[in-house]
Amino acid sequence: MFGKASSSQLSVTLGGSGALSHVYIQHPPLRCSIPGSKGLFYDDGNKLILSPTSDQVFSWKTVPFASHVAPTSDSISEGPVLSIRYSLDSKLLAIQRSNHEIQFWNRETGETFSQRCRSETESILGFFWTDCPKCDIVFVKTSGMDLFSYDSETKSLHLVETKKMNVSWYVYTHESRLILLASGMQCKSFTGFQLSSAGIIRLPKFEMAMAKSEANNKPVLAAEDVHIITVYGRIYCLQVDRVAMLLHSYRFYRDAVVQQGSLPIYSNKIAISVVDNVLLVHQVDAKVVILYDIFADSRAPISAPLPLLLRGFPRASSSSSRTGNKDTDGSEANDISDHETIIYGDNWIFLVPDLICDVAKRLLWKIHLDLEAISASSSEVPSVLEFLQRRKLEANKAKQLCLAIVRTVILERRPVSMVTRAIDVLVTSYSNSIKTGSYFKGIKAEKPPTSDVSNVNPSTSVVDESIRREDALGKSIKHGSASRVENESINRSPAFSVSDSEENVSFENSNHLRSLGAKADRENFKVAESSQSEVQKLSLQSQLLGPSNSPLNANNSENLESQVTSAAISPDEMYSCVFASVEEEMAGDPAYFVTIVIEFLRSANVERIKVHPNIYVLTVQLLARHERYAELGLFIINKILEPSKEVALQLLESGRQNIQTRKLGLDMLRQLSLHHDYVLLLVQDGYYLEALRYARKNKVTTVRPSLFLEAAFASTDPQHLAAVLRFFSDFIPGFKNTADHNAYCRILSEMNSSITA
């Protein structure tokens, strides 16, 4: 019934568009079904799905996502539940019981207390816990916001500050720590606050654009039409304009909110997800999803709209063939099979940033990108490589796809200009990852992220230097921060990412960032040089973890993703996984292959990246194999090929057919102060007297005297043999007492006797 978008094997077809989907959900989902449940709620601060009953609340961890995770439970009292969530330290449980009251449980002591509105004329729209140093919890009311701190001694809340304003509804994400409060007749006027570990920052008021209908009616903006997302550490707000059929994008700065363009929509129902910093716009009515990578503020979709795919679901035939014996899992699958296969069902609620909750069947799905299908859907190789290099959640798969794509374009002998641009993308990405340190970072994907807002000048494209870790979690909530999932509109979709430690999202000052950038430029070369040994170790690990021809099946890739944290490709990997693997197949077109390798060396030189000596050795082999000795000489003299022992030995090997090339190899050994090797090669070439002079001058004592004596004897010149014996007798203490001295003295006497005779 459902096909796969791509196979599990790593195969790359460039320019194709036959994938069934670029986005999928994986069966089985997380089942959150509890008898007597009053509904499902999402606690984005702790990344929990909560299901309260009359006397208990059950919770499931959503990070890391696992379909068979067991719930934990806490006892609660009977009563209505409008919203529920744990404190960030998990010591307190808060339940909104009505529009005027929130009840609190101390999990350690079991004690309870309640906090009510001071006036019956105001209503609580929702609440959320915060890591702001000024307060612990925020009540959002129709009259504004109340900020409370919790006193552990008195076990009560103390009002810290009240921010008065009229509020129709609000949207909040824990990842960004940003709350937007809507007001006005059309609910299009907004006031924003960021409550983070750095303090409270109030953003300037702004209005969202709304087109007028033909009847000149003024549409009212709903909470489900506004989505806060965090992409590449930047905080955006996406607003659905149903009249204009556009999705407006706003970027947040400290003293301005700037509209940054619009995306077309093709459905009255829109849902938003963010997976690995890729924006997913679900056209719910059309049952397709459109992908955008807004890293460079591009408004072009990554690929054509395609359906959301369900993978791993048991086919009907296999389900019906099961017998009703002890296989309880099978019967469970049969019970829900008719409902689980409804893509974009009416009961689907999209949660931040990559979760889907089926509130009717109590199921939670996680959204995934099919990188292989995405990479195969475009013939713009440099663009595809740039996209893959930015991926973090499946860094190993992205890396292997990049390597496969480069191998393919070389083997297909694509135009040199195109291959050069592809190589430039990979080299630049690797250089940046070394400079920023991301190449060495370990993946941590289990804890939530924090966010804070600093100073930013709106005139620049500096955004909240948001998550210093790209994998963080956050949630966009309307009508109350842990508001009941059933009451949230299907169009509502918060956005967040997964991580293990929360860091601050902040609006930085643009001048400060520019100075940091200049300093970084000055330090770049130093950083790259000092990192080379670590890079080589990690490159070796990466090669061991993910060989180019290994299948990208679930078992392999899941283990690898926990270790490979960057899709950046080192020069070592370029050699072993690209150049060395295609060398034999490129034997028929050496000129093309040499050009490609030289372009790689040029790109690496521009970025000041140290190249593995094997790449230089390969270049020497290719040039010498096709007798391009003059060109090879220029490469050595101009240091396009960096001097190394490996290169020198290859020059000597290739120089058997060209004396000038061999001389270049000898000169390189001498330049590198590889005196032992240089002396040995002089002796092997018959220049043993010159080797003796060089050894004496450079104090080379590691070469065995017998090598020189054998070479002198082979010359049949007794004077040369006598000179060698005299040299070692004078400069090596105790040489006269060795067997070599005695043996060759006899040989010298015999040679002199034969000459006299």
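The values are calculated or read from the model by the stated rules, or taken from the named source; none is laboratory data. Treat the numbers as computed from the prediction; the structure is a model and nothing was measured. Don't worry about glycine lacking a Cβ; one is built from the backbone with ideal geometry, like all the others, and counts go over all protein chains shown. Each accessible area value is taken on the protein alone, full model and side chains, heavy atoms only, with ligands, DNA and RNA left out. Shrake-Rupley method; radii C 1.70, N 1.55, O 1.52, S 1.80 Å.
Of note:
- Residue that is surrounded by fewer than 16 Cβ atoms within 10 Å (Cβ to Cβ) and touching a residue at least 60 places away in the same chain (Cβ under 8 Å), where the choices are GLY199, GLY184: GLY199
- Qualifying residue in region 215-227 (condition: under 33 Å from the mean Cα position of the chain (by Cα), under 24 Å from ALA256 (Cβ atoms) and assigned to a strand (DSSP E or B)): yes
- The lone criterion from (1) open to solvent by 10 Å² or more (accessible area, probe 1.4 Å); (2) under 26 Å from ILE25 (Cα atoms); (3) acidic (Asp, Glu); (4) in a loop (DSSP other than H, G, I, E, B) left unmet by ASP255 is number (2).
- Leading residue by the ranking (most open to solvent (accessible area, probe 1.4 Å)) among those in region 666-685 that are in contact (Cβ under 8 Å) with a residue 24 or more places away in the chain and closer than 26 Å to LYS736 by Cβ: HIS676
- Single residue of GLU646, GLU710, GLU653 found to be open to solvent by 40 Å² or more (accessible area, probe 1.4 Å), more than 28 Å from ARG628 (Cα to Cα), at pLDDT 85 or above and not in a loop (DSSP other than H, G, I, E, B): GLU710
- When the residues of region 113-126 are filtered to those that are more than 13 Å from ILE95 (Cβ to Cβ) and assigned to a strand (DSSP E or B), the one that is modelled with the highest pLDDT is LEU125.
- THR738 vs. criteria more than 60 Å from the chain's Cα centre (by Cα), at pLDDT below 85, open to solvent by 30 Å² or more (accessible area, probe 1.4 Å) and of a type in the set (Val, Ile, Thr): no
- Among the residues of region 399-413, not one is among the charged types (D, E, K, R), over 24 Å from the mean Cα position of the chain (by Cα) and crowded, with 18+ Cβ neighbours inside 10 Å.
- Qualifying positions in region 59-80 - under 39 Å from the mean Cα position of the chain (by Cα) and more than 12 Å from ASP43 (Cβ to Cβ): PRO64, PHE65, ALA66, SER67, HIS68, VAL69, ALA70, PRO71, THR72, SER73, ASP74
Quick grid of which residues meet (1) among the hydroxyl-bearing types (Ser, Thr, Tyr); (2) open to solvent by 40 Å² or more (accessible area, probe 1.4 Å):
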site	(1), (2)
ASP89	no, yes
LEU92	no, no
ARG97	no, no
GLU101	no, yes
PHE104	no, no
GLU108	no, yes
SER114	yes, yes
CYS117	no, no
SER123	yes, no
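- Only listed residue being in contact with a helix residue (DSSP H, G or I) (Cβ under 9 Å, 6 or more places away or on another chain), in contact (Cβ under 8 Å) with a residue 24 or more places away in the chain and β-branched (Val, Ile, Thr), chosen from ILE228, ILE270: ILE270
- Residue in region 422-443 that is out of contact with any Pro (no Cβ under 9 Å at 6 or more places or on another chain), under 21 Å from VAL606 (Cβ atoms), open to solvent by less than 30 Å² (accessible area, probe 1.4 Å) and aromatic (Phe, Trp, Tyr) present: yes
- Per the listing ALA587, ALA630, ALA528, ALA591, the residue uniquely modelled with pLDDT under 85 and either closer than 18 Å to SER654 by Cβ or aromatic (Phe, Trp, Tyr) (or both) is ALA587.
- Qualifying positions in region 625-643 - open to solvent by 60 Å² or more (accessible area, probe 1.4 Å) and of a type in the set (A, V, I, L, M): ALA630, LEU634, ILE637, ILE640
- Test: GLY110 is part of a strand (DSSP E or B) and small (Gly, Ala, Ser): no
- Taking the criterion of being part of a strand (DSSP E or B) and hydrophobic (A, V, I, L, M, F, W, C), the residues of region 36-82 that qualify are PHE41, LEU48, ILE49, LEU50, VAL57, PHE58, TRP60.
- Entry remark, region 202-230: residues being under 23 Å from ILE272 (Cβ atoms) and either among the hydrophobic types (A, V, I, L, M, F, W, C) or surrounded by 15 or more Cβ atoms within 10 Å (Cβ to Cβ) (or both) number 18 in total.
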